[in-house]
Amino acid sequence: MSHPVVIVGASMGGLRMAEALRRFGYTGAITVIGDEPYAPYNRPPLSKEVLAETVSHEAVAFEQRDSTADVNWMFGTRVQATDLEHAVVTDVNGDVHPYSALVVATGLRSKRLTVPNGELRGRHAVRTLDDAIALRRELVPGARVVIVGAGFIGCEVAATARKLGCDVTIVAPGTHPMQRPLGTELAAEMQRRHEAQGVTFRMKTAVTDLVGTLAVDGVALDDGTTIPCDVLVEAIGSHDNTEWLEGNDLDLATGVRTTNDLRAVKSTGEVWDNVFVIGDLARFPNPIFDNECRRIEHWNIPTETAKRAAQVFTGNAQGDFRPIPSFWTDQYDNHLLAYGVLSLADEVKLIDGEISGDCVFGYYRDGDMVGVCGIGMRSVVQRYRANFV
Amino acid sequence: MITIDVDMNKCQHYGQCVFEAPSVFKLNNDDKLEFTATADDSERSNVEAAIDVCPMQAITIVE
Ligand SMILES: Cc1cc2nc3c(=O)[nH]c(=O)nc-3n(C[C@H](O)[C@H](O)[C@H](O)COP(=O)(O)OP(=O)(O)OC[C@H]3O[C@@H](n4cnc5c(N)ncnc54)[C@H](O)[C@@H]3O)c2cc1C
Ligand code: SF4
């Protein structure tokens, strides 16, 4: 009997991979090894609607489909290393798993602040279910919440914490929240909308020190001020979960470099035929935009890359892989939906609606549209999506 | 036949489902989701694809 397909990482990417292998006709064994204690669950609600209510596995779990009932799911098991030459992975218990094909779906983990007094209690991140459960307990009315980082997750947590009656301050280095993806004008408008909801911004500042005896009760900033803090949320980006791949001559500069077919590439340029990378870690070229290898850390990518990798593995892939990146974010009543890679733009302009209400922005590189993002106005945003098909 | 349910308390009318199963889902003139409650079995895989892309995980096939 041939070895199973081994998928490392039991989140959305791992789940969708197992489903797609079955859908495209693979009937052999599948093993999914993940270090979290839970069956695959959905992360976006952990900073949004579910964080505003009761956080539980039930509230975010993906439905288990019949097609994957015979998959060997190994939860709570960390993979320590892999030897691609010998086609095996080794888990934390020392068990060795030979594979016929390996799927890398280990995603990211939260980056944390490195500051003095880091051992104080009251520090939170927002990546896993356990993170969200711990944070939810602290988001009580009147709690003074300081969020470090003004990206999507920081801003979503700010909106949710305001909804729950907390005092919210965002501390971040940039000029406006979410500025890099959204562009100055829309980012400034989103800042205004947050301020109208009572959020305080301390932009162009950084945390230098934590203050407190057992738990954090203040955050010292590089402008010399200290702000009171009961709950510190660190939303400053992420690290790649790729340590277990080291020693295999892969290009791990950021994510894992792959071909357009999502096969891992050696630093010599040679391709591993039976090693696929999906989800947040895949750094692949997308001919919609150019030949550059890029990772796209949006929710639609695990599903798209899993489907493609399964098609390639089963011999069902056709043409180039050209997934349309797509993301959404919900902050108060602002529901943003975007297509494309906004951060590639050298020009951003309002193309429909009004900045103070529902509106649509276009993102252009050398005059060509590379992205579109709207607050509301779905049919307009979707019309522009056709530019990327 | 399959029966389709969308939890309208969850749905934010993102319309991602429309691209996967256009014969079942569409956005109306007010940008609100409309869908057909039943569809032919041949639509199952398209509706499953719609389930996969729905940001709010609002769609289910009622067995
Ligand atoms: C709070 C939050 C909100 C988000 N909101 C949005 C949004 O609104 N819109 C959007 O487009 N995207 C959003 N995203 C991004 C989206 O959730 C990710 O793109 C998606 O989860 C990536 O899936 P993945 O399977 O590639 O990786 P992950 O979900 O990171 O899964 C990787 C899994 O592998 C496990 N693992 C890691 N190392 C090992 C190891 N050595 N051995 C075994 N297992 C291991 C991890 O514990 C994890 O379970 C959000 C993310 C977060 C955290
Ligand atoms: S994709 Fe989901 S949220 Fe969007 S319109 Fe369809 S059902 Fe509603």
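Two decimals is fine: what's Rg over Rh for chain A, C-alpha atoms, Kirkwood radius as Rh?
Over the Cα atoms of chain A, Rg/Rh equals 0.98.
Can you give the mean number of other chain Cβ atoms that lie within 10 Å of the Cβ atoms in peptide B:25-31?
For this peptide, the per-residue mean of nearby foreign Cβ atoms is 2.
Have a look at the range A:321-368 and report residues whose accessible surface goes down by 30 Å² or more when the remaining protein chains are included, against the chain on its own, probe 1.4 Å, ligands and DNA/RNA excluded.
A:Trp328, A:His335
Using the Karplus curve 6.51 cos²θ - 1.76 cosθ + 1.60 with θ = phi - 60°, work out ³J(HN,Hα) for each residue of the range A:57-69 in order, rounded to whole Hz, and write x for Gly and Pro.
4, 4, 6, 10, 5, 6, 5, 8, 8, 4, 4, 10, 5
Using the Karplus curve 6.51 cos²θ - 1.76 cosθ + 1.60 with θ = phi - 60°, work out ³J(HN,Hα) for each residue of the range B:37-48 in order, rounded to whole Hz, and write x for Gly and Pro.
Going residue by residue, I get 6, 10, 8, 5, 3, 5, 8, 3, 5, 5, 5, 5 Hz, with x marking Gly and Pro.
First check a/c for the range A:333-388, with a ≥ b ≥ c the square roots of the eigenvalues of its C-alpha gyration tensor; if it is under 1.5, answer rounded, and if not, answer prolate when a/b is larger than b/c or oblate otherwise.
Prolate, because a/c is 1.5 or more and a/b exceeds b/c.
Taking θ = phi - 60°, what integer Hz values does the Karplus form 6.51 cos²θ - 1.76 cosθ + 1.60 yield along the range B:2-9, in sequence order, with x for Gly and Pro?
Karplus-based 3J(HN,Hα) across the range B:2-9 equals 10, 10, 10, 10, 10, 6, 6, 6 Hz.
Using a 1.4 Å probe on the heavy atoms of the protein chains only, list every residue of the range A:63-83 that has 20 Å² or more less accessible area in the complete assembly than in its chain alone.
Correct list: A:Glu63, A:Arg65.
Note down the magnitude of the dipole of the protein assembly as shown about its Cα centre, charges +1 on Lys and Arg C-beta and -1 on Asp and Glu C-beta and zero elsewhere, to the nearest 20 debye.
My answer is approximately 480 debye.
How much area per residue is accessible in the range A:110-237 when the probe is 1.4 Å and only protein heavy atoms are counted (Å²)?
Result: 42 Å² per residue.
For A:Met203, B:Met1, A:Met17, give me the order by solvent-accessible area with a 1.4 Å probe, most accessible first, ignoring ligands, DNA and RNA.
Accessible-area ranking of A:Met203, B:Met1, A:Met17, largest first: B:Met1, A:Met203, A:Met17.
Compute the helix-to-body angle for A:129-138: its Cα long axis versus the longest principal axis of chain A, expressed 0 to 90° and rounded to tens.
Helix A:129-138 and the main axis of chain A meet at about 20 degrees.
Using every Cα-Cα pair within the range B:2-62, state what percent have a distance larger than 18 Å.
That fraction is 20 percent.
Given only helices, namely DSSP H runs of n ≥ 4 each adding -39500 (n - 2.57), what is the per-residue ellipticity at 222 nm of chain A, to the nearest 500 deg cm²/dmol? Mind showing how you got there, number by number?
Working: 8 runs with 77 residues, N = 389.
After summing the helix terms and dividing by the residues of chain A, the value is -5500 deg cm²/dmol.
Give me the percent relative contact order of chain B, please, defined on Cα pairs under 8 angstrom at least 6 residues apart.
Details: 99 pairs, mean separation 31.3, N = 63.
The value is 50 percent.
Nearest 10 degrees, 0 to 90: what angle lies between the long axis of helix A:12-23 and the longest principal axis of chain A (Cα atoms)?
30
Work out the count of Lys pairs in the protein assembly as shown where the Cα-Cα distance is under 25 Å, with the pair 8 or more places apart or on different chains.
Number of lysine pairs found: 12.
Could you pull the accessible area for A:His57 with a 1.4 Å probe, rounded to 10 Å²?
Result for A:His57: roughly 50 Å² accessible.
Show the residues, 5+ positions off or on another chain, whose built amide H is closer than 5 Å to the amide H of A:Phe201.
Counting only residues 5 or more places away or on other chains, the set is A:Ile170.
Over the range A:303-389, average the accessible area per residue using a 1.4 Å probe and give it in Å², no decimals.
That works out to 40 Å² for each residue.
How high is the relative contact order of the range A:333-388, given as a whole-number percent (alpha carbon pairs under 8 Å, six or more residues apart)?
Relative contact order here is 38 percent.
Taking chain A as the reference, fit the longest principal axis to its C-alpha atoms, fit the long axis of helix A:300-313 to the helix C-alpha atoms, and give the angle between the two in degrees, 0 to 90, nearest 10.
10
When the helix-only estimate is applied to chain B (DSSP H runs of n ≥ 4, each -39,500 (n - 2.57), divided by the residue count), what is the mean residue ellipticity at 222 nm, nearest 500 deg cm²/dmol?
Theoretical 222 nm ellipticity from helices: -6000 deg cm²/dmol.
Out of the range A:232-272, which GluC sites (Glu not before Pro) are coil in DSSP terms and have no more than 15 other C-beta atoms within 10 Å?
Those satisfying the criteria are A:Glu246, A:Glu270.
Can you give me the long-range amide H partners of A:Val32? Hydrogens built in the peptide plane at 1.01 Å from N, cutoff under 5 Å, separation of 5 or more residues or another chain.
Those qualifying (amide H under 5 Å, at least 5 residues apart or on another chain) are A:Ile7, A:Asn72, A:Trp73, A:Met74.
Tell me whether the range A:36-152 comes out rounded, prolate or oblate; compute the Cα gyration tensor, take square roots of the eigenvalues as a ≥ b ≥ c, and use a/c under 1.5 as the rounded threshold.
The shape class here is oblate.
The values are calculated or read from the model by the stated rules, or taken from the named source; none is laboratory data. None of these values were measured; they are calculated from a predicted model. Because the Cβ atoms are built from the backbone with ideal geometry, glycine has one as well, and the counts that use them run over all protein chains shown. Side chains included, ligands, DNA and RNA excluded: accessible areas come from the protein's heavy atoms. Shrake-Rupley method; radii C 1.70, N 1.55, O 1.52, S 1.80 Å.
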